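The next block holds one structure in the form of structure tokens; read it before the comments.
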Amino acid sequence: MRCGVKSMSTKTDKFEEVPEIQTPRDCSSLSAYFHIVCVVAGTGTLGLPYAMAQGGWISVVFFFVAAAMSTYTAKLLIECLYYKPGERLVEFPDIGEAAFGLPGRYFTKVFHSSVSLSCGCIYILLTGKNTSTVLDDFNINPMNKTLWILLAGVVITLAFTLLKTMKEVAFLSAFGTIATLVCVVIVVVVGGMEYPQNGLPVNRVFFNLADFPMAVATIAFSYGGNVVYPHVEATMRNPQAWNKTVLLAVLSITAMYVSIACAGYFYYGAGTKSPIMDSLPRKDVLTYIAYVFITLHVAFAAPVYLCSFCLEQERWLKIDRAFMSAPQEFAYRFALRGSLGAILTLIAMYVPYFSSLCGIFGAVSNCIVVFLVPVSCHYKLFGYQKRAIWEHIICVLIIGAGLFGLGFGGHSAFKELLENITEDTN
């Protein structure tokens, strides 16, 4: 398996040789594992106990269903990159073009890019906002929230500007993974230390029909993140280990998800809040530590998303040592990534209701990119024949889950946006 030896032309659906641009396969499977866990297990982890409260105990089943679907679509996605023997597509949009021509490329690129950019931008916002909130509680905040967002944007921009490749940001993914794990452990421990809350009984149900669809949509949404998979797989020294690496990463993510969701719902029942941190004792030291670690996670995950996005743009613009000197390559890369970071930081600072808008983009784009694109492109590239019946059933279920999550997730995010606007106008 080779990486970077073929690229989709932007003028035709034929392959175009570009052997001079290659991505070195010098990353371990462990680095790939950390990338996957870091980009998938984001701040949505803190909302999963509330999802359990919405759907009831039966919701735990859907963590494993969503995990299986996520693992399977990751497998299909990478198989699409190698649909021609001896050749490898380079980027996510290449798959859309190979399957459905230029309309497929543009369609895939729009939603693929919106996930990468919206996640990077919301993570800048959350890093600054969370930092300001924690310091406010200790009455030691020297700046307002807007300035903290600016500082977060500067630090994150420098990180993905100076760290050129997925290999170089691997240590950020490792720290991000550890930060999420620490946060999960703290929530489980702190919640257990004060259980039962105020000595009052906790109301829990096995199945809540009214809010069950939203619970399923939230769980499905929490397994997003495959926009970076082509770049992660492209750097692996042993690409044959991709399926095992993804499986191990998704199992790790699911273990964290189930732990925090079940613990939060058990401790607080129907009163569980989103994020779960709002249910914990506000002035507890461990709670603040959890806030710090989840803030570190989003700060470490943002460069991974943005680096993946920029690598595609740099390939298209030929910002590479194959076409220019080292100083020129660095200057162009710094200008491109610095400009992108500046724009995203300004959006995070000044665009009203940006968090709610990102929720809408995320719900729609994530479901399209994670569930719908891999399955539809795989069918188009490999055909409908010679597939076992169980494969057809799984693919139908995945498409159904994608449409389900898109509809209910988009509706919920849009409802939240309207509520925020209404609150501000009143």
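The values are calculated or read from the model by the stated rules, or taken from the named source; none is laboratory data. This structure is a prediction, so every number in the text was calculated from the model and none was measured. Backbone-built Cβ (ideal geometry, glycine too); neighbour counts: all protein chains shown. Keep in mind that these areas ignore ligands, DNA and RNA; they rest on the heavy atoms of the full protein, side chains included. Shrake-Rupley method; radii C 1.70, N 1.55, O 1.52, S 1.80 Å.
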Taking the Cα centre of segment 231-364 as origin, work out the dipole magnitude from +1 charges on Lys and Arg Cβ and -1 charges on Asp and Glu Cβ, in debye rounded to 20. 100 debye
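Defining a contact as two alpha carbons under 8 Å apart and six or more residues distant in sequence, what relative contact order in percent does segment 69-177 show? Walk me through the intermediate numbers first.
Details: 64 pairs, mean separation 14.8, N = 109.
The value is 14 percent.
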State the percentage of accessible surface on the chain attributable to carbon and sulfur atoms; use a 1.4 Å probe and exclude ligands, DNA and RNA. 68 percent
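Using a ≥ b ≥ c from the Cα gyration tensor of the chain (square roots of the eigenvalues), is it rounded, prolate or oblate, where a/c under 1.5 gives rounded and otherwise the larger of a/b and b/c decides, a/b for prolate? Spell out each step's value before the answer.
On the way: a/c = 1.86, a/b = 1.32, b/c = 1.41.
Oblate.
Relative contact order of segment 286-426: what whole-number percent is it, with Cα pairs under 8 angstrom and at least 6 residues apart? Intermediate results must be reported in sequence, preceding the final value.
On the way: 54 pairs, mean separation 38.2, N = 141.
Normalised by residue count, the contact order of segment 286-426 is 27 percent.
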Over 31 Å (Cα to Cα) among Lys244/Lys415; Lys244/Lys380; Lys145/Lys273; Lys167/Lys415; Lys84/Lys167; Lys109/Lys167 -> Lys244/Lys415; Lys167/Lys415
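So if I place +1 on the C-beta of Lys and Arg and -1 on the C-beta of Asp and Glu, and nothing else carries charge, what would the dipole magnitude of the chain be about its Cα centre? I want it in debye, nearest 20. Walk me through the intermediate numbers first.
Values: 29 positive and 27 negative charges, 163 e Å.
Computed about the Cα centre, the dipole is about 780 debye.
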What is the spin-label model distance, in nm, from Tyr82 to Phe334 if the labels are put 7 Å beyond Cα along the C-beta direction? 3.9 nm
If you count only protein heavy atoms with a 1.4 Å probe, what accessible area per residue comes out for the chain, rounded to a whole Å²? 43 Å²
Put +1 on the Cβ of each Lys and Arg and -1 on the Cβ of each Asp and Glu in the chain; which of Ala51, Asn420, Asn139 then has its Cα farthest toward the positive end of the dipole? Ala51
Nearest-ten-degree value, helix 92-137 long axis tilted from longest Cα axis of the chain: 40 degrees
Max mean-square fluctuation residue, GNM over the chain, Cα-Cα springs under 10 Å, options Pro201, Pro281, Pro93: Pro201
With angles folded into 0 to 90 degrees, how steeply does helix 373-382 sit against the dominant principal axis of the chain? Use alpha carbons for both and round to 10. 30 degrees
Cα centroid distance between segment 257-332 and segment 24-72, in Å? 13 Å
Taking the chain as a Gaussian network, Cα atoms linked when under 10 Å apart, which of Ile347, Ile219, Ile122 shows the biggest mean-square fluctuation? Ile347
Residue by residue, what Karplus-based ³J(HN,Hα) values in Hz, rounded to whole numbers, does segment 285-299 have, using 6.51, -1.76 and 1.60 with θ = phi - 60° and x for Gly and Pro? 4, 5, 5, 5, 4, 4, 4, 4, 6, 5, 5, 4, 4, 5, 5
Take Val185 and Ile421, extend 7 Å from each Cα along the Cα→Cβ direction, and tell me the distance between the two endpoints in nm. 4.4 nm
Nearest 10 degrees is fine. How inclined is helix 29-40 to the longest principal axis of the chain, computing both from alpha carbons? 50 degrees
Which one of Trp57, Trp148, Trp390 has the biggest mean-square fluctuation once the chain is modelled by GNM with Cα springs under 10 Å? Trp390
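Work out how much length Glu194 to Ile399 would gain on full extension: take 0.36 nm times their residue separation and subtract the Cα-Cα distance, in nm to one decimal.
Values: separation 205, 0.36 × 205 = 73.80 nm, distance 4.18 nm.
Extending this stretch completely gives an extra 69.6 nm.
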